[in-house]
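K.L.:
Sharing a structure, written as structure tokens. Questions coming.
The values are calculated or read from the model by the stated rules, or taken from the named source; none is laboratory data. Predicted model only: the values in this text are computed from it and were never measured. Ideal geometry is used to build each Cβ from the backbone, glycine not excepted, and the neighbour counts take in all protein chains shown. Surface accessibility is based on the protein's heavy atoms, side chains included, excluding ligands, DNA and RNA. Shrake-Rupley method; radii C 1.70, N 1.55, O 1.52, S 1.80 Å.
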Amino acid sequence: MENIKEKLSAMGCTDLLQADRTLSVTVEKNKFHEVATFLKEGRGGMVFDFLMDIIGIDYVESLGAIYYLCSTDHPQELLALRVSTSDREQPQLFSVCDLWDSAELYEREVYDFLGIKFINHPDMRRLFLRSDWKGHPLRKDYDASPAINPIPAHNEVIDDMERSSTIKIELGELVEKSHQIFGEKEYIVNFGPQHPAMHGVLHLRVSLDGEIVKKIDPNFGYIHRGVEKMSEAYTYPQILHLTDRLDYLSGTMNRHALCLCCEKALSLEVPDRAHYIRTIFDELTRIASHLLGWGCICMDMGSITAFVYGMRDREKIMDIFEETAGGRLMVNYNTIGGVACDIHPNFQKKVKELIPYLRKMIKEHHILFTENPIARGRMEGIGYLSKEKAISLGAGGPSGRASGWNNDVRKIEPYAAYQHADFDVVLREGGLTFDRYIIRLDEIEQSLRIIEQLIDNIPEGFFAAKTKAIIRLPEGEYYQRVENARGEFGVYINSRGDKSPYRIKFRSPSLTLVNALKPTVTGSKVSDLIMVGGSLDYVIPCIDR
């Protein structure tokens, strides 16, 4: 990083500060694309090929964006690239869509919530809110009065589903041009937003040439709840409640991420007992999520029996959660400093009984569906996602590892008790639907290995550290990432020393997975669309925050 710091300083970058393995850099607006290109091409000695997230923020005196970058060759090192504009009336920054594919939706999200338009972005539409929405909710001067944005009483097709705009520099001037999303003669089929195979309230507009998919336009926001805006008025313990309801199948891990971020900011030492319990709960949650994901993709291809078997096995994990934490799907167990209560006296016994049972059932699942020649024929050779494309899209987790991308945060940046467990990162090279299908079953075995090593070694002692009644994070910026069932889940907190965050941002791994549908399905038959979507295993409430 020292070499990169010197070169960025020579390019006019300022505020080069390094803390907690993250280099923070401020870039002048007009030099931003040049610096971003320098980092993406690796001219500083490290190729920053993974754009983790873009965080829009209102500094009051200016509007800005923070680009979190990572090199897949050095995944422990992060770079926070900051750029801002003082123009609040017509705020504009340069797009990096030409460098990282994930920037397409990230920049649309920033535009939606803060009103910053990105020059050379190919599709400058709102991402979650309607085009007729007035204002940008994450601005500090936003007027949230219900009269400003009344709930519409109709369900008509609105402009943002038909037209987009692009801002380009022509003859030295910025020119904004409008264009059609689809051509006039294209045949468009709507999938969702209520279709049961959409894995949530997702709306895909699909352009078809006969049975062949030509183009996909995903539309989000049907269950957008304004979680990040709400959090600005909530205390940190209250925000924990919301994290369970993002990716509800990874709620324990999401909540864990926010706890870790707060504990890092507070320099709070969490008891080892809590670390072990949290890790076991995380892995049980991962298994439960993968069992449901397996059942859903099987059901997408017509096997109701497989779905019922997956739900049956998952139910045993829900029973274990309920006995200790009181919750089943929303476990509500992690707290800042540890866990809400100690484990039930039967916890270790039941978890140890679960391990051999699941190993036996996984073998049966393979016999039932994996070896079925019809299922194999539907999955093999379909839905190719290359390693390079997965990295550019930020499509990590099991889907990225199925394309050969070693991206497991549990290994890259071990947290909780993962450093005390020996397990393998499951990788496949095919990048096809079958690889994404089977990798989740293989990951269940690795989760069982982790649990098996920890369950009899839970340290004695307290299950939580003592904290103040009102938690105030010290002034500063904090970032924490964990590996949830769908990939890297990140939490960014900007604290001004108050009991509520000035800005909080959650990185949704599912947003990048929906974006991966475009290159993965384009050119395939429409009958493959649902199956490929099932193999990506996205959860929509995580996107519609």
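K.L.:
Give the number of residues within region 501-514 that are surrounded by fewer than 23 Cβ atoms within 10 Å (Cβ to Cβ) and farther than 22 Å from Ala80 by Cβ.
P.N.:
0
K.L.:
Another one. Kindly provide the set of residues from region 341-369 that are buried (at least 17 other Cβ atoms within 10 Å of the Cβ) and not in a helix (DSSP H, G or I), ordered by number.
P.N.:
Result: Ile343, single match.
K.L.:
So which residues in region 373-407 are β-branched (Val, Ile, Thr) and part of a helix (DSSP H, G or I), if there are any at all?
P.N.:
Going through region 373-407, the residues β-branched (Val, Ile, Thr) turn out to be 374, 382, 391.
If the condition is that a residue be β-branched (Val, Ile, Thr) and part of a helix (DSSP H, G or I), then Ile374, Ile391 are the ones that fit.
K.L.:
Just to be sure before I move on: is Ser145 surrounded by fewer than 23 Cβ atoms within 10 Å (Cβ to Cβ), free of Cβ contacts under 8 Å to residues at least 24 places away in the same chain and hydroxyl-bearing (Ser, Thr, Tyr) in the structure I sent?
P.N.:
Judged against the criteria, Ser145 is a match.
K.L.:
Just to verify a result, which residue in region 279-311, among those that are open to solvent by 10 Å² or more (accessible area, probe 1.4 Å) and touching an Asp or Glu at 6+ places or on another chain (Cβ under 8 Å), is farthest from Arg449 (Cα to Cα)?
P.N.:
Cys296
K.L.:
Related question: In region 478-504, how many are within 13 Å of the chain's Cα centre (by Cα) and either assigned to a strand (DSSP E or B) or within 14 Å of Ile412 (Cβ to Cβ) (or both)?
P.N.:
Looking only at region 478-504, we keep the residues that are within 13 Å of the chain's Cα centre (by Cα), and these are 480-492.
With the extra rule that they be either assigned to a strand (DSSP E or B) or within 14 Å of Ile412 (Cβ to Cβ) (or both), the set shrinks to 480-484, 487-492.
Adding up the residues that qualify gives 11.
K.L.:
Another question, then. Among the residues that make up region 70-78, is at least one of them in contact (Cβ under 8 Å) with a residue 24 or more places away in the chain and on the phi > 0 side of the Ramachandran plot? Walk me through how you get there before you give the answer.
P.N.:
Of all residues in region 70-78, those in contact (Cβ under 8 Å) with a residue 24 or more places away in the chain come to 71-78.
Filter once more, so that each one left must be on the phi > 0 side of the Ramachandran plot: none.
No, region 70-78 contains no residue that is in contact (Cβ under 8 Å) with a residue 24 or more places away in the chain and on the phi > 0 side of the Ramachandran plot.
K.L.:
Which ones in region 1-38 are outside any strand (DSSP E or B) and either free of Cβ contacts under 8 Å to residues at least 12 places away in the same chain or open to solvent by 90 Å² or more (accessible area, probe 1.4 Å) (or both)?
P.N.:
Taking region 1-38 as the starting set, the residues that turn out to be outside any strand (DSSP E or B) are 1-13, 20-21, 27-38.
Residues satisfying the conditions are Glu2, Glu6, Ser9, Ala10, Asp20, Arg21, Glu28, Asn30, Glu34.
K.L.:
Yes or no: region 476-490 includes at least one residue that is surrounded by fewer than 17 Cβ atoms within 10 Å (Cβ to Cβ), in contact (Cβ under 8 Å) with a residue 24 or more places away in the chain and of a type in the set (D, E, K, R). Working first, answer last.
P.N.:
Within region 476-490, the subset surrounded by fewer than 17 Cβ atoms within 10 Å (Cβ to Cβ) is 476.
Then drop every residue that is not in contact (Cβ under 8 Å) with a residue 24 or more places away in the chain, which leaves 476.
Add one more test, that the residue is of a type in the set (D, E, K, R), and what stays is none.
Checking region 476-490: not a single residue is surrounded by fewer than 17 Cβ atoms within 10 Å (Cβ to Cβ), in contact (Cβ under 8 Å) with a residue 24 or more places away in the chain and of a type in the set (D, E, K, R).
K.L.:
Residues that are in contact (Cβ under 8 Å) with a residue 40 or more places away in the chain and under 23 Å from the mean Cα position of the chain (by Cα): find the strands (runs of 3 or more DSSP E) completely inside region 177-245 holding 2 or more of those. Show your work before the answer.
P.N.:
On the way: elements: 187-191, 203-209, 212-219.
Qualifying strands (runs of 3 or more DSSP E): 203-209, 212-219.
K.L.:
Now a separate question. From Asp132, Asp98, Asp123, which residue is surrounded by fewer than 18 Cβ atoms within 10 Å (Cβ to Cβ), over 18 Å from the mean Cα position of the chain (by Cα), modelled with pLDDT of 90 or more and more than 24 Å from Leu16 (Cβ to Cβ)? Lay out the reasoning, then the answer.
P.N.:
Values: Asp132 fails: modelled with pLDDT of 90 or more; Asp123 fails: modelled with pLDDT of 90 or more.
Step by step, each of Asp132, Asp98, Asp123 is checked, and only Asp98 is surrounded by fewer than 18 Cβ atoms within 10 Å (Cβ to Cβ), over 18 Å from the mean Cα position of the chain (by Cα), modelled with pLDDT of 90 or more and more than 24 Å from Leu16 (Cβ to Cβ).
K.L.:
Just need a number here: residues in region 408-449 that are out of contact with any Ser or Thr (no Cβ under 7 Å at 6 or more places or on another chain), outside any loop (DSSP other than H, G, I, E, B) and either within 27 Å of Tyr309 (Cβ to Cβ) or modelled with pLDDT of 95 or more (or both).
P.N.:
At the first step, the residues of region 408-449 found to be out of contact with any Ser or Thr (no Cβ under 7 Å at 6 or more places or on another chain) are 408-415, 419-430, 432, 434-435, 439-449.
Filter once more, keeping what is outside any loop (DSSP other than H, G, I, E, B): 409-412, 419-420, 434-435, 439-449.
Subset that is either within 27 Å of Tyr309 (Cβ to Cβ) or modelled with pLDDT of 95 or more (or both): 434-435, 439-449.
Counting residues in region 408-449 that are out of contact with any Ser or Thr (no Cβ under 7 Å at 6 or more places or on another chain), outside any loop (DSSP other than H, G, I, E, B) and either within 27 Å of Tyr309 (Cβ to Cβ) or modelled with pLDDT of 95 or more (or both) gives 13.
K.L.:
Looking at Tyr276, Tyr333, can you tell me which residue is closer than 23 Å to Gly397 by Cα and surrounded by 16 or more Cβ atoms within 10 Å (Cβ to Cβ)?
P.N.:
Values: Tyr333 fails: closer than 23 Å to Gly397 by Cα.
From the options Tyr276, Tyr333, the qualifying one is Tyr276.
K.L.:
Any idea how many residues of region 107-127 are part of a helix (DSSP H, G or I), among the charged types (D, E, K, R) and out of contact with any His (no Cβ under 8 Å at 6 or more places or on another chain)? Give the steps one after another, and end with the answer.
P.N.:
Taking region 107-127 and keeping what is part of a helix (DSSP H, G or I), we get 107-114.
Checking which are among the charged types (D, E, K, R) leaves us with 107-109, 112.
Filter once more, so that each one left must be out of contact with any His (no Cβ under 8 Å at 6 or more places or on another chain): 109.
Number satisfying all stated conditions: 1.
K.L.:
Hey, another quick one. Looking only at region 177-191, which residues are open to solvent by 20 Å² or more (accessible area, probe 1.4 Å) and not aliphatic (A, V, I, L, M)?
P.N.:
Of everything in region 177-191, those that are open to solvent by 20 Å² or more (accessible area, probe 1.4 Å) and not aliphatic (A, V, I, L, M) turn out to be Lys177, Ser178, His179, Gln180, Gly183, Glu184, Lys185, Glu186, Tyr187, Asn190, Phe191.
K.L.:
If I ask for residues that are farther than 15 Å from Gly200 by Cβ and of a type in the set (A, V, I, L, M), which ones from region 486-528 would you list?
P.N.:
Val491, Ile493, Ile504, Ala516, Val521, Val526
K.L.:
Here's another thing I want to ask about it. Filter region 222-251 for residues that are among the polar types (S, T, N, Q) and in contact with a helix residue (DSSP H, G or I) (Cβ under 7 Å, 6 or more places away or on another chain); which is farthest from Leu266 (Cα to Cα)?
P.N.:
Ser250
K.L.:
Would you point out which residue out of Leu291, Leu329 is touching a Gly at 6+ places or on another chain (Cβ under 8 Å) and outside any helix (DSSP H, G or I)? Working first, answer last.
P.N.:
Details: Leu291 fails: outside any helix (DSSP H, G or I).
Being touching a Gly at 6+ places or on another chain (Cβ under 8 Å) and outside any helix (DSSP H, G or I) holds for just one of Leu291, Leu329, which is Leu329.
K.L.:
Taking Val206, is it among the aliphatic types (A, V, I, L, M), open to solvent by 20 Å² or more (accessible area, probe 1.4 Å), over 30 Å from Leu454 (Cα atoms) and out of contact with any Lys or Arg (no Cβ under 7 Å at 6 or more places or on another chain)? If you could, list the steps in order and put the result at the bottom.
P.N.:
Numbers: among the aliphatic types (A, V, I, L, M): yes; open to solvent by 20 Å² or more (accessible area, probe 1.4 Å): no; over 30 Å from Leu454 (Cα atoms): yes; out of contact with any Lys or Arg (no Cβ under 7 Å at 6 or more places or on another chain): yes.
No.
K.L.:
For the structure I just gave you, tell me whether Lys411 is within 24 Å of Val491 (Cβ to Cβ) and among the basic types (Lys, Arg).
P.N.:
yes
K.L.:
Follow-up question, since we're still on this one. Scan region 443-474 for residues that are surrounded by fewer than 17 Cβ atoms within 10 Å (Cβ to Cβ) and closer than 30 Å to Leu517 by Cβ and jot them down.
P.N.:
Glu445
K.L.:
Tally time: how many residues in region 370-390 are among the hydrophobic types (A, V, I, L, M, F, W, C) and open to solvent by 10 Å² or more (accessible area, probe 1.4 Å)? First the steps, then the outcome.
P.N.:
Quick first cut of region 370-390, residues among the hydrophobic types (A, V, I, L, M, F, W, C) only: 374-375, 379, 382, 385, 390.
Filter once more, so that each one left must be open to solvent by 10 Å² or more (accessible area, probe 1.4 Å): 374, 382.
Within region 370-390, residues that are among the hydrophobic types (A, V, I, L, M, F, W, C) and open to solvent by 10 Å² or more (accessible area, probe 1.4 Å) number 2.
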